[in-house]
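A.B. asks: Take this structure first; my questions come after.
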Amino acid sequence: MAPEILIDKSGLTAIRRKVEREERLTHDDGLALYATPHVAALGELADVVNRRKNGLRVGYNVNRHINYSNLCKLSCMFCAFAKKRGDAGGYEFSMDEIMERAREAYEAGADELHIVGGLHPDHPYEYYPRLLRAIKSRYPELHLKGFTAVEIDYFAELAGKSHEDVLRELVDAGLGSLPGGGAEILTDRVWRKLYRDKMGPDKWIDVHRRAHRVGVRSNSTMLHGHIETDAEKVTHMLRIRELQDETGGFMTFIPLRFHPENTPIEKLGIVHGVSSVREIAVSRLLLDNVPHIKTYWIMTGLEVAQICLTMGADDIDGTVVEEKITHMAGATTPESVGEEELREVITAAGRIPYRRDTTYGEVPYPAPAREPRPVVAAG
Ligand code: SF4
């Protein structure tokens, strides 16, 4: 059978025409994108859209993750990271340990710290602005991308303040932007089944709306490969598209591949590489108003991430250095990759690497060396 006939059957030809006319895709179109067996054709279409937006440029950043503690009051079903106090594997970094990591990141030339953790049972609200202020006052060069919407909501509860007030106070202390975590799948069914004690879809959307309104840009994510349906993934993306129409505050969308090991839903198994490629392509096609689609190599491995760069993604995340959330769920990828290797991976995909800051401004490459700055106790 000729490929064109197969493509017709799966609905891609009609969608291709819409893409050529730069027409917005619908929920039904999203379902057709998930239904097609023609992943290569899907990826080619997504690449057309990506090149229209971003040319051949692929961004990466030199960053470091700081997962400051995995102690968490909640127990989401898909989470292998969270521990209770006294559990094996539970940890919390002291302020000095956090500052040491910030120093290492600064000296390694990083542009960004990505700071997220569990909903700590004991830290008072004041701990969080103090943490940001300590880092930012010492290392103003570092962009602090910190705290998921879930953490922001928790801080607001701890402080008895509104989300806006908390966001403003954190910005005053040095917060630069919000990561996209905690969205999971933005439907009530998945929320009730997998993480009903954590903030639900409406609140996640609302925290990002409020962040955008106070001038804090953010990322968006989708955790795929567990109990969600294709229709729920399309709904998820369209909710993000809707908020983006309203605020324009999202910088990127990042499909996150679920890693089941050490979670209560371990029996679900792991989705394979082709699913990661499909999520990238579908999101590039549906999210016509989000400028960037990121392939998060920590979750897919560099090989799959490289393929994603030819099928809709224009960002490969960063050097990371130390990552706990995915690795406690069984990820076998390295925790760190060098800047040169990232550039090679991008170049070998036929794309042009550029070093970016958190908000997608270009950073000179190679970056000038930094003078060591001795660490002082954070108190
Ligand atoms: S996903 Fe977040 S909130 Fe849920 S248990 Fe894990 S660390 Fe806690």
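The values are calculated or read from the model by the stated rules, or taken from the named source; none is laboratory data. The structure presented is a predicted model; accordingly, all values stated were derived computationally and were not measured. Counting neighbours? That spans all protein chains shown, and the Cβs are built from the backbone with ideal geometry, glycine included. Calculation scope for accessible area: heavy atoms of the full protein, side chains included, ligands and nucleic acids excluded. Shrake-Rupley method; radii C 1.70, N 1.55, O 1.52, S 1.80 Å.
A.B. asks: How far is the Cα center of the range 306-362 from the Cα center of the range 133-187, in Å?
C.D. replies: 24
A.B. asks: SER75 accessible area, nearest 10 Å², 1.4 Å probe?
C.D. replies: The accessible area of SER75 comes to roughly 90 Å².
A.B. asks: Something else about it: If ASP87, ASP197 are ordered by their accessible area, calculated over protein heavy atoms with a 1.4 Å probe, which sequence runs from highest to lowest?
C.D. replies: Descending order: ASP197, ASP87.
A.B. asks: May I pose another question? Calculate, in nm to one decimal, what ARG51 and THR347 gain on full extension: separation in residues at 0.36 nm each, minus their alpha carbon distance.
C.D. replies: Taking ARG51 through THR347 to full extension adds about 105.0 nm, to one decimal.
A.B. asks: Additional query: Beyond 29 Å between alpha-carbons counts as too far, so tell me which of LYS53/LYS324; LYS161/LYS267; LYS84/LYS233; LYS198/LYS294; LYS53/LYS198; LYS84/LYS294 fall in that bin.
C.D. replies: LYS53/LYS324; LYS161/LYS267; LYS84/LYS233; LYS53/LYS198; LYS84/LYS294
A.B. asks: Additional query: Farthest toward the dipole's positive end in the range 171-322, which of ALA305, THR235, HIS224, given Cβ charges of +1 (Lys, Arg) and -1 (Asp, Glu) about the Cα centre?
C.D. replies: Selected residue: THR235.
A.B. asks: Which length gain, in nm to one decimal place, applies between ALA88 and GLU261 when the Cα-Cα distance is subtracted from 0.36 nm times their residue separation?
C.D. replies: Taking ALA88 through GLU261 to full extension adds about 60.7 nm, to one decimal.
A.B. asks: List the residues of the range 161-176 whose backbone N lies under 14 Å from a point placed 7 Å from the Cα of ARG209 along the Cα-to-Cβ direction.
C.D. replies: What the label zone holds, given the 14 Å backbone N cut-off, is 163-164.
A.B. asks: Got a sec? Charge dipole of the chain, +1 on Cβ for Lys and Arg, -1 for Asp and Glu; which of ALA329, LEU256, ALA14 is way out at the positive end?
C.D. replies: Going by the charge dipole, the pick is ALA14.
A.B. asks: If you count, for each residue, the other Cβ atoms within 10 Å and average over each peptide, how do 361-367, 344-350, 309-315, 55-61 line up from highest to lowest?
C.D. replies: 309-315, 55-61, 344-350, 361-367
A.B. asks: Just going by the charge dipole of the chain, with Lys and Arg at +1 and Asp and Glu at -1 on Cβ, which of ALA173, HIS38, ALA211 is farthest out on the positive end?
C.D. replies: ALA211
A.B. asks: Just want to confirm a number: the relative contact order over the range 190-250, from Cα pairs under 8 angstrom separated by 6+ residues, in percent.
C.D. replies: 41
A.B. asks: Quick one: the Cα spread of the chain along its three principal axes, in angstroms, biggest first?
C.D. replies: Each principal axis gives a Cα extent; for the chain these are 69, 47, 39 Å.
A.B. asks: Mind checking the full-extension length gain between GLU107 and LYS18? Use 0.36 nm per residue of separation minus the Cα-Cα distance, one decimal, nm.
C.D. replies: Answer, rounded to one decimal: 27.2 nm.
A.B. asks: How many nm is it between the label spots at GLU242 and HIS27, if each spot is 7 Å from the Cα in line with the beta carbon?
C.D. replies: Between GLU242 and HIS27, the label points sit 0.9 nm apart.
A.B. asks: Let me ask something else. Quick check for me: using +1 on Lys/Arg Cβ and -1 on Asp/Glu Cβ, what's the dipole size of the chain about its Cα centre, in debye to the nearest 20?
C.D. replies: With only Lys, Arg, Asp and Glu charged at Cβ, the dipole is about 480 debye.
A.B. asks: Aspartates and glutamates within cross-link reach of LYS73: Cα-Cα under 19 Å, excluding same-chain residues under 8 positions apart?
C.D. replies: Within reach: ASP87, GLU92, ASP122, GLU126, GLU151, ASP153, GLU157, GLU184, ASP197.
A.B. asks: With charges set only on the Cβ (+1 for Lys and Arg, -1 for Asp and Glu), what does the dipole of the range 252-331 come to about its Cα centre, in debye to the nearest 20?
C.D. replies: About 200 debye.
A.B. asks: Rg(Cα) of the range 34-107 divided by 2.2 N^0.38 Å?
C.D. replies: 1.83
A.B. asks: Then there's this: How large is the charge dipole for the range 150-245, taken about the Cα centre, if only the Cβ atoms of Lys, Arg (+1) and Asp, Glu (-1) carry charge, to the nearest 20 debye?
C.D. replies: 140
A.B. asks: Something else: Starting from the Cα of MET77, step 7 Å along the direction of its Cβ; do the same at ALA40; then give the gap between the two resulting points in nm.
C.D. replies: Using points 7 Å along Cα→Cβ, the separation is 3.8 nm.
A.B. asks: Additional query: Using a 1.4 angstrom probe on the protein heavy atoms only, line up GLU228, GLU92, GLU261 by accessible area, largest first.
C.D. replies: Numbers: GLU228 25, GLU92 70, GLU261 90 Å².
Greatest to least solvent exposure: GLU261, GLU92, GLU228.
A.B. asks: Let me ask something else. Ignoring everything except DSSP H segments at least 4 long, calculate the 222 nm mean residue ellipticity for the chain; use -39,500 (n - 2.57) per segment, divide by total residues, nearest 500.
C.D. replies: The helix contribution divided over the chain gives -13000 deg cm²/dmol.
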